[in-house]
1. Could you grab the pairs with beta carbons closer than 8 Å, sequence gap of 6+ or different chains, first residue in the range 68-96 and within 14 Å of Asp54 (Cβ to Cβ), second one acidic (Asp, Glu) and surrounded by 19 or more Cβ atoms within 10 Å (Cβ to Cβ)?
2. So, in the range 21-53, exactly how many residues are at pLDDT 95 or above and in a loop (DSSP other than H, G, I, E, B)?
3. Residues in the range 75-126 that are aliphatic (A, V, I, L, M), modelled with pLDDT of 90 or more and not in a loop (DSSP other than H, G, I, E, B): how many?
4. Looking for whichever is part of a helix (DSSP H, G or I), of a type in the set (Val, Ile, Thr) and on the phi < 0 side of the Ramachandran plot here; the options are Val56, Val71. Which one fits?
5. So Lys18 ticks every box in (1) under 20 Å from Glu92 (Cα atoms); (2) among the basic types (Lys, Arg); (3) modelled with pLDDT under 95 but one. Which box is left unticked?
6. Kindly provide the set of residues from the range 36-50 that are crowded, with 19+ Cβ neighbours inside 10 Å and not small (Gly, Ala, Ser), ordered by number.
Amino acid sequence: MGWLSSSPAVDAAPAAPKASADGAFEAPDRNARAHCWEARDAYFHCLDRNAIIDSVKAASLAEERCGKEDVQFKTNCASSWVQYFKKRRVVEYQRDQTLKKLEAEGAQKMDGALPGGAPASPPAAR
């Protein structure tokens with residue numbers, strides 16, 4: 001329910017994960033994952049607006065400029081997911097910068113297969 005309202009809260013955070021019989025936590029459902037991804041995207045958009053690539057190394061600046069979004073990100077995602085997404089952001093940035101540098105130096109993309117029949121490049125992300 002919304003504050004002093006009879007309508008349900010639209011942006012309510014998903015419930016915390018429940019422990020299963022063996023003590024491990026249950027995997028988040030589709031709705032919980034969607035909330036997580038939305039919070040991640042909002043946080044990363046804020047970091048982009050403030051030209052912050054690595055929110056771990058620049059933690060104080062990221063907290064100062066994107067603290068509200070970070071709280072939502074940490075609330076809606078498992079801590080292991082938060083760590084993973086933050087590291088992945090830096091790795092993807094470094095990859096993109098390396099590709100731009102190679103293109104500027106005149107490198108050409110090579111298509112084809114590697115020995116053993118493996119594809120030359122990883123499959124496209126969904």
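1. none
2. Residues in the range 21-53 being at pLDDT 95 or above and in a loop (DSSP other than H, G, I, E, B): 4 in total.
3. Initially, the range 75-126 is screened for residues aliphatic (A, V, I, L, M), giving 78, 82, 90-91, 99, 102, 104, 107, 110, 113-114, 118, 120, 124-125.
Imposing the further condition that a residue be modelled with pLDDT of 90 or more reduces the set to 78, 82, 90-91, 99, 102, 104.
If we keep only those that are not in a loop (DSSP other than H, G, I, E, B) too, we end up with 82, 90-91, 99, 102, 104.
Looking only at that region, the number is 6.
4. Val71
5. With respect to (1) under 20 Å from Glu92 (Cα atoms); (2) among the basic types (Lys, Arg); (3) modelled with pLDDT under 95, Lys18 is out only on (1).
6. Of everything in the range 36-50, those that are crowded, with 19+ Cβ neighbours inside 10 Å and not small (Gly, Ala, Ser) turn out to be Cys36, Arg40, Tyr43, Cys46, Leu47.
The values are calculated or read from the model by the stated rules, or taken from the named source; none is laboratory data. Quick caveat: nothing in here was measured; it's all calculated off a predicted structure. With ideal geometry, Cβ positions are generated from the backbone for all residues, glycine too; neighbour counts draw on all protein chains shown.
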